[in-house]
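Bear in mind these aren't lab numbers, they're just calculated from the coordinates by the rules spelled out. Keep in mind the model is a prediction, meaning the values are calculated, not measured. When we count neighbours, we look across all protein chains shown, and the Cβ atoms used for this are built from the backbone with ideal geometry, even at glycine.
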Amino acid sequence: MTVLHLSGGAVSIVLDARPGTMPTVLHWGAHLGPVGQEQLDALAAAAVPASPPSSLDAPQRLGIIPLASDGWTGRPGLVLHRDGDAAAARAAAWPSVRVTDVAEHAEPGRGSGVRLTLADPAAGVRLLSDWLLDEHGVLSVRHELHNTGAGPCTVLGLAVTLPIDAAASELLDFAGRWAKERQPQRQQLREGVWSRENRSGRTGHDSPLVSVVGSAGFSFRAGSVWGTHLEWSGNQVQWAEVRSTGHRQVGAGELLASGEVVLAPGESFATPWVSAVHSDEGLDGLSRAFHGAVRSRRRVAGRALGPRPVVLNTWEAVYFDHDLAALRALAAAAHEVGVERFVLDDGWFLGRRDDTAGLGDWVVDPAVWPAGLHELVRSVQDFGMEFGLWVEPEMVNLDSDLVRAHPEWVLGGQGVPLPWRGQHVLNLAIPEAYAAIRDALVALLEEYPIRYIKWDHNRDLIEGGVHAQTLAVYRLLDELRARFPEVEFESCASGGARIDFGILARTDRVWASDTNDALERQAIQRFTGVLLPPELIGSHLGGPTAHTTGRTHRLSFRMTTALFAHAGIEWNIAAASPAERAQIAEWVATYKRFRGLLHGGVTVRADTAPAGDVWVHGVVAPDGDEALFAVVTLATAAAALREPVRFPGLHDASLYRVTRVPLGGEPLWIGDAAPQWWMPGTVTLPGSVLSRVGLPLPPLASEEGCVFHVERVRAAGE
Ligand code: GLA
């Protein structure tokens, strides 16, 4: 059985893994239905490309590790090097790995599949390659390279590659910067290499997130797509390559610095996992699979997320101005509106009066907190809220007791590396530095009933050592989580600069961006949601004027935006008016009413007109019984009347009642908007009509939003 057919969800993958060959993916795409072994063998025998004129005599197939030894002259899947004389080095640099074994394999949360063993004894390499498919159709692939040679070998690159389907002609990925993460960019696939290379030492504000290739014009609701995500928080490369030979591949792997990974005889190097999804139902189909996989993996790991508590984060409320009385007043206001988790942000530890000092000294500053944090924590608990705390354990300020005692722990050497927000990186690959930070965090977690850690990372890591540092921070989080299983962790990195499945295997939420501007957040959350389900995406209700952009938005738009996520508040609501606080309390109650649906449903996004002035997105219950939708206006309408609102993802033949959910008062209507079906009445129509015909949108001003609850009143056939 060496031509293998794996299937899961709506996906099939066929791997030709006959002994003595470099394995090839014969199909990664739509489910093929039952295919017998005889037919699989026939497919492998038939799927031999022609040898065109002026090419190698033997047909050239694209192997899972594309290598020069197989005639591949494109971007290689494995680059390694051994010291020695030039001839030996050259031979060893061209391994010729061949399948030696195929075994069934399973990995908790990733489904099942095969482990292929490939070896090239002459080159001194053995490679284990895992191919697993889960019930959502998410393919997990990873390679592990073993040095079986006599001397050391330097790994310069090892990536997971997959063929690009013939139907795909466009490429979508994401880019961005601080406070504007995950902006989509789209282009035609053309001959050459398109490559995103990240040497910033963290996943990055500009991370590609998911590289998607797809059929012409693919959209949220339609088209065939193939998406790949690299589960790694350090340097990385993701590429697509189209060659004149007709071969086309996508690849993803860690971007290794020269000499960063040197394997002694017997040692090994594993690539991060790549999670890959195919869907014939557009980006919504792709997201459904990724979200399903995230939820299943968390369940299997014993970290399924319960209802996401309403958070209040102190950062934009008080910044570094820590004062017990003021924070108690904030906690009281938080309690009054229904907050469940109170998070004390930056500014509580030794010498941390601003962002120039203190990082590394993770003890409570007695100058500001003479009795420690106990009084505040007690107040928070008396209000029935959980207490959370901000830390940034991978960083130091030179102005800290830690660096004064151990200047040699600064990555790159004290004073040499470039400061960034006045800070440097602590070299966690030094065992003593690692132990010091771990022990300081353990002491905090033992002294205080902390239930939540906001784990920040506010600087690129440009001094090298990224591979070891990334593994060290993973290990640190793993250790802390094993010891304090009741504590949740958030991955923050100047907002959303560390969002990937690698960090999310050990954290429970991401801070999607430092911007609380509802307009910016619409895009950031929409596209972060291509990979992550809403319950993992932190979103906070900010004050009327966004601190990052200076834009002012109405409460209703801000509330509509923060609702479709793991919601919280980041605003000094102790200073808000009683009327505002009453509206916030109503919003919190609405969030609590709907969070089961929001955090367990299927994310959908309507394909709205290309003008892009209206977006419709929502979450539909898995059984189709109800849904919650947001209609948001991002710009002044191009035409006086906007297009009808269509609600995707409902069951065609069921009858649904649509009701507007008031949030934070009325949005701004332009002119005399006649009270139509949605102000404040309801309308009842079949799912097919709601998703295909839609309902007219009254003239809604720009940068406004409305929320609709859609309930099934009669199922199909009743
Ligand atoms: C980063 C985070 C913010 C806040 C500050 C504190 O910028 O993204 O949310 O925690 O650090 O310094």
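Observations
- Cα shape, the range 101-172, gyration tensor, a/c 1.5 rule: oblate
- Rg followed by Dmax, in Å, when the range 294-367 is reduced to its Cα trace: 16.2, 46
- Sorted on the mean count of surrounding Cβ atoms within 10 Å across their residues, most packed first, peptides 349-357, 9-17, 466-474 read 9-17, 466-474, 349-357.
- The range 544-596: radius of gyration over Cα atoms, expressed as a fraction of 2.2 N^0.38 Å: 1.14
- Helical mean residue ellipticity (222 nm; -39500 (n - 2.57) per DSSP H run of 4+; nearest 500) of the chain: -6500 deg cm²/dmol
- Peptides 150-161, 323-334, 573-584 ordered by packing proxy, namely the average of other Cβ atoms within 10 Å per residue, highest first: 150-161, 323-334, 573-584.
- Label zone at Arg483 (point 7 Å along Cα-to-Cβ), backbone N below 19 Å, the range 365-399: 388-395
- Inter-label distance, nm, simple model (7 Å from Cα along the C-beta direction), Ala106/Arg243: 3.8
- Put a dot 7 Å past the Cα of Ala326, heading toward its Cβ, do the same for Ala715, and the two dots end up 5.6 nm apart.
- Database remark: amide H of Ile164 closer than 5 angstrom to the amide H of Arg248, Gln249, Val250 (H placed geometrically; neighbours at sequence offset of 5 or more, or on other chains; Pro and chain starts carry no H).
- D (Stokes-Einstein, µm²/s), Kirkwood Cα radius, the range 409-559, 1.306 mPa s at 10 °C: 92
- The range 531-632: C-alpha gyration tensor shape, a/c 1.5 cut-off, then a/b vs b/c: oblate
- Over the range 289-331, the ratio between the Cα radius of gyration and 2.2 N^0.38 Å evaluates to 1.89.
- Remark on the range 1-127: hydrodynamic radius 16.2 angstrom, per the Kirkwood mean of 1/r across alpha carbon pairs.
- Modelled spin-label separation between Ala122 and Ala166, with each label point placed 7 Å from Cα along the Cα-to-Cβ direction: 3.5 nm.
- Pairwise Cα inverse-distance average, inverted: Kirkwood Rh of the range 192-281 (Å): 14.9
- Cα gyration tensor shape for the chain, rounded if a/c is under 1.5, else prolate or oblate: oblate
- Globularity index of the range 334-488, i.e. its alpha-carbon radius of gyration over 2.2 N^0.38 Å: 1.07
- Estimated Rh, the range 8-83: Kirkwood, alpha-carbon pairs, angstrom: 14.4
- Using a Förster distance of 25 Å, the FRET efficiency for Ala435-Ala270 (Cβ separation, nearest 0.05): 0.50
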